[in-house]
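Below is one structure, written out as structure tokens, with a few remarks after it.
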Amino acid sequence: ARYFALIPAAGVGSRMGGATPKQYLSLSGVPILQHTVDAFLNTPQIAHTAVVVSAEDGYVDDALGVSSLARADLSVFRCGGDTRKESVRNGLEALKNLPGLEIAEDDWVLVHDAARPGLTPALIAKLIQQVADHAVGGLLALPVVDTVKRVAGGTVTTVPRDGLWLAQTPQMFRYRVLCDALDAASEVTDEASAIEAAGLVPLLVEGHARNLKVTLPSDLALAQLYVSGQND
Ligand code: C5P
């Protein structure tokens with residue numbers, strides 16, 4: 001089976017504020033999306049990388065630049081949806097229809113947030129290595145280290161952190177399994193949720209703090225530190 005990367009990048013990044021969607025903000029003079037795409041383009045196991053943007057996206061051509069856009073192993077699909085799940089599902093369909101690729105039902109797809117520019121080829125290789133023989137698939141995730149509180153109904157309780165993990169991406173599943181799980185799932189914020197809802201058990205592989213998702217303005221400085229190589 002081959003390995004494909006699918007990068008949903010069709011969000012508007014409302015929690016970041018500002019007019020430019022967060023995946024197009026620059027870190028060390030390079031757009032976040034380019035950092036993210038580069039991690040896959042520099043991973044030899046990845047057969048093809050596809051980015052999903054919205055139909056009206058006006059940034060992607062500048063953000064990726066000619067040297068990336070000219071590559072035969074990179075595609076940009078303008079089929080983003082209203083939710084991340086829809087963007088991923090539409091991207092999976094577009095992958096299937098890409099001439100010459102002939103994606104097989106049991107090929108692996110690594111879905112990765114555009115807004116995680118700290119991903120490295122080493123982390124991708126670690127995920128692939130640990131999941132390639134797994135029956136279901138898996139994802140990068142981090143064990144929870146803080147004490148977790150639940151605030152609800154006027155009370156505060158402490159949730160035991162044993163067994164709690166924070167999901168990262170990439171999330172890696174076989175093409176057909178992932179399509180079917182997403183079709184059957186209600187609204188989910190990651191692929192693994194859809195897999196779990198289908199009664200399957202994904203493998204959690206320890207990720208890294210540098211693979212943070214840029215969500216709030218304060219995340220930018222930290223992401224900057226990681227991509228500039230000063231802190232890994
Ligand atoms: O908003 P959030 O940070 O959870 O988004 C995660 C990823 O999903 C981002 O890379 C974002 O661009 C993408 N996304 C998308 N289509 C949407 C919403 C989010 O591709 N409708």
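The values are calculated or read from the model by the stated rules, or taken from the named source; none is laboratory data. Quick caveat, the model's predicted, so the values are computed rather than measured. Please note: Cβ atoms are built from the backbone with ideal geometry, for glycine as well, and neighbour counts cover all protein chains shown.
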Per the list (1) at negative phi; (2) more than 12 Å from the ligand (Cβ to nearest atom), residue check on residue 16 breaks on (2)
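On the given criteria, is residue 84 modelled with pLDDT of 95 or more, surrounded by 19 or more Cβ atoms within 10 Å (Cβ to Cβ) and within 10 Å of the ligand (Cβ to nearest atom)? Even if it seems obvious, please write down each step before you answer.
On the way: modelled with pLDDT of 95 or more: yes; surrounded by 19 or more Cβ atoms within 10 Å (Cβ to Cβ): yes; within 10 Å of the ligand (Cβ to nearest atom): yes.
Here the answer is yes, as residue 84 does meet what is asked.
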Consider residue 1 against the criteria (1) out of contact with any Asp or Glu (no Cβ under 9 Å at 6 or more places or on another chain); (2) of a type in the set (A, V, I, L, M, F, W, C); (3) surrounded by fewer than 16 Cβ atoms within 10 Å (Cβ to Cβ): it satisfies all of them except one. Which criterion is unmet? (1)
Answer residue from the stretch 98-129, given it is within 16 Å of the ligand (Cβ to nearest atom) and more than 13 Å from residue 5 (Cβ to Cβ) and is surrounded by the fewest Cβ atoms within 10 Å (Cβ to Cβ) among those: 115
For the stretch 218-232, does any single residue satisfy the condition of being away from the ligand (no atom under 16 Å from the Cβ), part of a helix (DSSP H, G or I), buried (at least 18 other Cβ atoms within 10 Å of the Cβ) and among the hydrophobic types (A, V, I, L, M, F, W, C)? no
For the stretch 52-60, indicate whether the set of residues that are surrounded by fewer than 12 Cβ atoms within 10 Å (Cβ to Cβ) and closer than 21 Å to residue 205 by Cα is non-empty. no
Screening 52, 109, 88 for residues that are touching a Ser or Thr at 6+ places or on another chain (Cβ under 6 Å), within 27 Å of residue 181 (Cβ to Cβ) and touching a residue at least 40 places away in the same chain (Cβ under 8 Å) leaves only 52
Residue 163, sole failed condition from (1) part of a strand (DSSP E or B); (2) of a type in the set (Gly, Ala, Ser); (3) without any contact (Cβ under 8 Å) to a residue 60 or more places away in the chain: (1)
Result of the Cβ filter at 8 Å on the stretch 66-82, keeping first residues that are farther than 12 Å from residue 50 by Cβ and aliphatic (A, V, I, L, M) and partners that are in a helix (DSSP H, G or I) and away from the ligand (no atom under 16 Å from the Cβ), at least 6 apart or interchain, is 69/61
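Taking the criterion of being closer than 23 Å to residue 220 by Cβ and either assigned to a loop (DSSP other than H, G, I, E, B) or touching a residue at least 12 places away in the same chain (Cβ under 8 Å) (or both), would at least one residue in the stretch 125-137 satisfy it? Break it down stepwise before answering.
Narrowing the stretch 125-137 to residues closer than 23 Å to residue 220 by Cβ: none.
No: zero hits.
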